[in-house]
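Here the structure comes first, spelled out in structure tokens, and everything after it is commentary.
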Amino acid sequence: MKHLIAPSLLSADFLDLRKEVEMINKSGADWLHLDIMDGVFVPNISFGFPVLNALKPICQKPMDVHLMIVEPQKFIPEVAATGAYMMNVHYEACTHLHRTVAAIKETGMKAGVTLNPHAPICLLEDIIQDVDMVLLMSVNPGFAGQRFIEHSVDKVVRLREMIDRKGLNTWIEVDGGVNLETGKRLVDAGADVLVAGNFVFKSPDPMQTIKDLKAL
């Protein structure tokens, strides 16, 4: 499939979220990426379910919800209630990952598993067949605007090899430091979905920037 673009709301203007979401609705973006942080699993706090519920009636793009929190399995019903399309949980945050993935799917959502930059691809050998998507963090999670970790391109290559070897259709999403240069290398390596925050929302022309990312 042609790669997808998921702008990250974390970099939007929080004083005018309606305007930002309306821009995304009109753009060529495929999903809206939403980072929920608890200040425990990652060293930052972002936003929670009141924001997601407020977005539900106005967001026309599928919501890709990324929980950077401890015990994400406790909030599966709340995420599902927002109308989310995809729920991403961190491998490192789930003691019983298979059970969590199954519970996410039971609600009708797609299930994603996220790996931090230090986590090896081999951790996914016994879960990859059960998930719809793997999100590879190409920065350390918690803050927008960080520098891209170069090793991430090689991780995409190795993950693509694992997926193809097993004959799966699992998507690969990458989040962190994505711009036209890194995005092109990630797509060439096998990435299916690019998350872009600052590069989109701080751009002089966000809709054109999204179009440029789609054209990679």
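No value in this document is a laboratory result; all are computed from the given coordinates. The structure displayed is predicted, hence computed values, not measured ones. Glycine gets a Cβ as well: all are built from the backbone with ideal geometry, and neighbour counts include every protein chain shown.
When a/c reaches 1.5 or more, the comparison of a/b and b/c decides; with that in mind, is region 153-216 rounded, prolate or oblate per its Cα gyration tensor?
Because a/c hits 1.5 or more and a/b exceeds b/c, region 153-216 counts as prolate.
Are there DSSP H segments in the chain that both extend 20 Å or more along their axis (alpha-carbon positions) and score a mean Kyte-Doolittle hydropathy of at least 1.0? List them, or say none.
Qualifying helices: none.
With a ≥ b ≥ c the root eigenvalues of the C-alpha gyration tensor of region 29-85, is it rounded (a/c under 1.5), prolate (a/b larger than b/c) or oblate?
Note, shape of region 29-85 comes out prolate.
Distance check, please: which entries in LYS56/LYS214; LYS61/LYS166; LYS74/LYS110; LYS26/LYS214; LYS26/LYS110 exceed 19 angstrom between their Cα atoms?
Correct reply: LYS56/LYS214; LYS61/LYS166; LYS26/LYS110.
Using alpha carbons only, what's the Rg to Rh ratio of region 4-214 with Rh from Kirkwood? All intermediate terms of the calculation are to be shown ahead of the outcome.
On the way: Rg = 15.8 Å, Rh = 17.0 Å.
Taking Rg over the Kirkwood Rh, I get 0.93.
How many angstrom lie between the Cα centre of region 141-216 and the Cα centre of region 81-118?
About 20 Å separates the Cα centre of region 141-216 from the one of region 81-118.
According to the Cα gyration tensor, what semi-axes, each the square root of 5 times an eigenvalue, does the equivalent ellipsoid of region 14-125 have, listed from largest to smallest in whole Å?
For region 14-125, the semi-axes come out at 25, 15, 14 Å.
Scan the chain and hand back the longest stretch that contains none of the GluC sites (Glu not before Pro) lying in DSSP loops with at most 11 other Cβ atoms within 10 Å. Each step should come with its number before you reach the end.
Details: sites that count: GLU125, GLU150.
For GluC sites (Glu not before Pro) (loop position, at most 11 other Cβ atoms within 10 Å), the longest site-free span of the chain is 1-124.
Report, ordered by chain and residue number, the aspartates and glutamates lying within cross-link reach of LYS155, taken as a straight Cα distance under 15 Å and ignoring same-chain residues fewer than 8 apart.
Candidates past the 8-residue exclusion: GLU125, ASP164, GLU173, ASP175, ASP188, ASP192.
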